[in-house]
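The values are calculated or read from the model by the stated rules, or taken from the named source; none is laboratory data. Just so it is clear, the model here is predicted, and its values are computed rather than measured. Reconstructed Cβ throughout: ideal geometry from the backbone, glycine too, with neighbour counts over all protein chains shown.
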């Protein structure tokens, strides 16, 4: 499945590990919103959209099944995030 668009919105909370939220469009016909870019101890990673279950656990709503698709998704989202960080800050 081809990724045809990636949009990243920087989150401006200095004390938060959440750094951005992304939307990814596949094949110009399916979009996944609310993919989070999080700063971890070993760098940035993505977290797929999830919901909290009744027992307090979080479960992904949508996620890649195959490793190569996950790797591609991580690569394009983090590249778009790095590009977005370089843009001038607008007030």
Query - Evaluation of residue 81 against (1) touching a helix residue (DSSP H, G or I) at 6+ places or on another chain (Cβ under 9 Å); (2) closer than 21 Å to residue 10 by Cα (one fails), failing number - result: (1)
Report summary line: Checked the stretch 35-56 for anything over 11 Å from the mean Cα position of the chain (by Cα) and either within 15 Å of residue 9 (Cα to Cα) or surrounded by 11 or more Cβ atoms within 10 Å (Cβ to Cβ) (or both); matches are 39, 50
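For every residue, the table says whether it meets (1) surrounded by 15 or more Cβ atoms within 10 Å (Cβ to Cβ); (2) closer than 18 Å to residue 3 by Cβ; (3) out of contact with any strand residue (DSSP E or B) (no Cβ under 8 Å at 6 or more places or on another chain); (4) at pLDDT below 95.
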site: 21; (1), (2), (3), (4): yes, yes, no, no
site: 24; (1), (2), (3), (4): yes, yes, no, no
site: 33; (1), (2), (3), (4): no, yes, no, no
site: 58; (1), (2), (3), (4): no, no, no, yes
site: 63; (1), (2), (3), (4): yes, yes, yes, yes
site: 75; (1), (2), (3), (4): no, yes, yes, no
site: 81; (1), (2), (3), (4): yes, yes, no, no
site: 86; (1), (2), (3), (4): no, no, yes, yes
site: 89; (1), (2), (3), (4): no, no, yes, yes
